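I have placed the structure first, in the form of structure tokens, so that the comments after it can refer back to it.
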Amino acid sequence: MVIIMLGAPASGKGSVAEILSKEFGIPQVSTGDIFRKYISNGSEIGKKANEYMTKGELVPDEVTVQIVASRLEEPDVENGLILDGFPRTVNQAKALDELLAKKGKKIDLVINLEVPEEELLDRITTRRICTNKECKAVYNLKLHPSKVEGICDKCGSTLEQRDDDKLEKAKNRLIVYHRETAPVADYYKDTGALYSTTLSVSINRMKDEVAHDVIEYLKK
Ligand SMILES: [Zn+2]
């Protein structure tokens, strides 16, 4: 089974993917994780991706697609996977269809998590991350605060707001997301694989409900 998770930053797609991964016994594969893996194992394709990332540039579609293609060759995804954060553009979506077709596979479901923009901004700007590089625990001032304000529950280090999570940058990330990824949802709408749903209110309660709805939908 091949499932694609679409959703803006802070939409909760990673959390929903995690639940579905356990339910269906297939791995959750995020592009961030694949990139880190291929960069740390010193592969040629990883080096290429790293060149762009260290310059703070977007990794071009063809490099991203090659990395995903290598990942699809690994034995643990033989029975399927949940892709989280890929495809990000229509070109990547088309390339993915070709890669899967070569392996005799197709996308079974594309889940598009829609969250109102104001709520996304609220979730992003209230996020706080532990400054201890070994810990990196994530908190949220409203949904999941630390016991002592500004201090990590797990390791006692101070918490900080990532630069990317500050209001102006967060707004910009959402603009980029909508510009690039809204057409991806339309692309899948045309292929008939799209399942759109809203993940709103309190993410901690709703993500279980959304995952449950998706499981019921797939069983039909
Ligand atoms: Zn910590």
Taking Rh as the Kirkwood radius computed over alpha-carbon pairs of the chain and applying Stokes-Einstein at 25 °C with viscosity 0.890 mPa s, one gets a diffusion coefficient in µm² s⁻¹ of 132 µm²/s
Expected max-MSF residue from Thr125, Thr31, Thr54 in the GNM of the chain (alpha carbon, under 10 Å) is Thr54
Cα gyration tensor of the range 87-137 diagonalised, 5x eigenvalues square-rooted, in angstrom largest first, produces semi-axes 34, 18, 10
From the cross-link list Lys189/Lys219; Lys133/Lys189; Lys102/Lys189; Lys103/Lys169; Lys102/Lys133, the entries with a Cα-Cα span beyond 29 Å are Lys133/Lys189; Lys103/Lys169; Lys102/Lys133
With a ≥ b ≥ c from the Cα gyration tensor eigenvalues, square-rooted, and the rule rounded for a/c under 1.5, otherwise prolate when a/b > b/c and oblate otherwise, the range 100-187 is prolate
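Give, to the nearest whole percent, the P(r) tail of the range 45-121 beyond 20 angstrom, counting all Cα pairs.
42 percent
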At 4 °C in a medium of viscosity 1.567 mPa s, the range 122-163 has a Stokes-Einstein diffusion coefficient, with Rh taken as the Kirkwood radius over alpha carbon pairs, in µm² per second, of 130 µm²/s
Against the 2.2 N^0.38 Å rule of thumb, the C-alpha Rg of the range 1-109 sits at a ratio of 1.04
Summing -39500 (n - 2.57) over every DSSP H run of at least 4 in the chain, dividing by its residue total and rounding to the nearest 500, the 222 nm mean residue ellipticity is -16000 deg cm²/dmol
Residues other than Lys48 with Cβ under 14 Å of its Cβ, Lys/Arg counted +1 and Asp/Glu -1, net out at -3
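Readers should treat all values here as calculations from the given coordinates under stated rules, not as data from a laboratory. These figures come from a predicted structure and were not determined experimentally. Heads up, the Cβs are rebuilt from the backbone with ideal geometry, glycines too, and the neighbour counts pull from every protein chain shown.
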